[in-house]
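The values are calculated or read from the model by the stated rules, or taken from the named source; none is laboratory data. The structure displayed is predicted, hence computed values, not measured ones. Only protein heavy atoms, including side chains, enter the accessible area calculation; ligands, DNA and RNA are left aside. Shrake-Rupley method; radii C 1.70, N 1.55, O 1.52, S 1.80 Å.
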Amino acid sequence: EMLNQVGEGQTVDVSNVANQFSPVAFALSPIAEYLPSKLSVEESARFDDKMEALRDVFFGALFIKSQVTKSRDEQELLYGNDPRVSRDIFQPYDDVVNSVKGGLNKKIDE
């Protein structure tokens with residue numbers, strides 16, 4: 001929408017630009033950079049290890065969720081047009097996919 005406005009020669013409210021974009025990704029840096037005096041070196045290392053493990057789980061769950069969603073969309077294109085086939089084949093598959101996505105969403109929210 002913003003690009004269309006700019007393309008048409010309209011001005012765009014710059015203060016609101018950041019609110020129109022969704023986050024793409026974020027990175028975690030070592031906790032020692034934020035709390036250098038409150039944690040010992042061992043505690044900081046353990047915390048960093050835990051954060052790395054959580055990062056791997058988080059991004060793994062996001063990746064699997066995107067793959068499951070993509071697969072579901074492809075199956076809907078194949079089986080979603082015919083009402084009988086959609087009901088008999090696609091709908092049970094879609095129910096399972098939604099259940100899996102629910103589990104992944106819980107894992108992501110942790």
Exposure of Lys38 as accessible area (Å², to 10), given a probe of 1.4 Å and all protein chains: 150 Å²
Fraction of accessible area attributable to carbon and sulfur, segment 44-110 (%, probe 1.4 Å): 57 percent
Whichever lysines have a C-alpha closer than 26 Å to that of Lys50, once near sequence neighbours (fewer than 8 apart) are set aside: Lys38, Lys65, Lys101, Lys106, Lys107
